[in-house]
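A short worksheet on the structure shown next.
The values are calculated or read from the model by the stated rules, or taken from the named source; none is laboratory data. What you see is a predicted model, and the numbers here were worked out from it, not measured in a lab. So basically every Cβ, Gly included, is an ideal-geometry build from the backbone, and we count neighbours across all protein chains shown. Ligands, DNA and RNA are stripped out before the accessible areas are found, and what is left, the full protein with its side chains, is counted by its heavy atoms. Shrake-Rupley method; radii C 1.70, N 1.55, O 1.52, S 1.80 Å.
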Amino acid sequence: MTAHASSRAYARTRSGQVHYQVMGEGLPLLLLSESPRTHRQFRHLAPLLAPHFQTIAVDTPGYGNSDPPAQPVRIEDVAATLVEFVQQLGHERVKVFGVHTGNKLAAVLAANWPHMVDRVVLAGYPHSIIPENAARNAAIKPIFDRFNPQYAADAHGSHRVRAWAAAQAALGNLWWPQRLLVGAEVTDADIGDAEAHAIDYVQGWRNTVAMYEAVFDLDLAGYLQRIAAPALVLEFRVPQEQHLGAQAERVAASMQDGCAAAVETGYPLALQDSAESIARACLPFLLGTPAA
């Protein structure tokens, strides 16, 4: 595979600067990450898509090197910033790939700005693509609470120290993933993946709670039903979430022009571990060609 050079830059919006990485040439494909990841989450997927598109991997406002969004955070407001970002780059129409928090932003973009979104991929583990708020939040909140403990505020600020200590513990787990601790072989790419994840966490942990609260409030089902553009619901299937049931087919059936696909992968790093399978699953759809 031919290597594609990448470049990073900023675009200025009324809500602040948005940082992004570009790779490849051709029709623009916006890549929107989960929380609190950045353009680095697509370090394996973007090179596979770059032969076909100009991939634009965004640091969502509040993460990476992008400025934080206004408080209280609303997914609709962050999506509006991304619309202005796309306009600043000179694009009138884009394809969009969003994973987890990114799939919520992608759904709002496609529903509220139909003239801008040509095709959209909504990707994630089952818990992330459940349309109904109550069921989705019930599936997400145990994961959220495990990694983002909340402490009651007090006058002396001890809650801030406890949050800082919890952040250090979470960072340690990212710094030393199981692959580095017990893997039969450790590659440079393995170190790079751990480094990228740790950097993203350090840059974004302060904004994660506010972004998740915005996700919890979002009427995803309503937005999905309003999307007119062709949409692919791409489910990352893992044994850990079999109890939630398969979601992609029923979600796609609720949309105006939806289709579904699934990738059997690992948990919780599908874009790291299964980039080639994910690219194969979404490329025919993004290109508008029949799947093989």
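For a quick check of understanding: with a 1.4 angstrom probe and all protein chains in place, what accessible area in square angstrom does TRP205 have, to the nearest ten?
50 Å²
Taking the highest mean first, how do the peptides 22-30, 42-50, 254-262 order by number of other beta carbon atoms within 10 angstrom per residue?
42-50, 22-30, 254-262
Using r as the Cβ-Cβ distance of SER254 and HIS115, and R0 as 22 Å, what FRET efficiency do you calculate, to the nearest 0.05? Please report the intermediate quantities before stating the final value.
On the way: r = 23 Å, r/R0 = 1.03.
My answer for the efficiency is 0.45.
Taking the simple approach of a point 7 Å from Cα along Cα-to-Cβ for both GLN242 and TYR151, what is their distance in nm?
Label at GLN242, label at TYR151, 3.9 nm between them.
How far is the Cα center of region 191-205 from the Cα center of region 226-266, in Å?
Here the answer is 28 Å between Cα centres.
Among (1) 55, 33, 13; (2) 40, 29, 18; (3) 27, 22, 21, which one is semi-axes √(5λ) of the Cα gyration tensor in Å computed from these coordinates?
(3)
Tell me, in nm to one decimal, what length is gained between ASP217 and LEU269 on full extension, where the rule is 0.36 nm per residue of separation less the Cα-Cα distance?
16.2 nm
Tally up the carbon and sulfur contribution to the accessible surface of the chain as a whole percent, 1.4 Å probe, everything protein left in place.
Of the solvent-accessible surface of the chain, carbon and sulfur hold 52 percent.
Give the calculated FRET efficiency between THR289 and ASN133 to the nearest 0.05, with a Förster radius of 30 Å applied to their Cβ-Cβ distance. Can you show the working numbers first?
Numbers: r = 35 Å, r/R0 = 1.17.
Rounded to the nearest 0.05, the efficiency is 0.30.
Amide H to amide H under 5 Å from ALA262: which residues, 5+ apart in sequence or cross-chain, H placed 1.01 Å off N in plane?
Sorted by chain and number, the residues that satisfy this are GLU235.
How big is the gap, in Å, between the Cα center of region 75-131 and the Cα center of region 1-57?
Each part's Cα centre sits 14 Å from the other's.
Using a 1.4 angstrom probe, figure out how much accessible area region 236-292 has per residue, in square angstrom, rounded to the nearest whole.
Here the residues of region 236-292 average 52 Å² of exposed surface.
Please give the per residue accessible area of region 1-104, computed with a probe of 1.4 Å over protein heavy atoms only, in Å².
On a per-residue basis, 40 Å².
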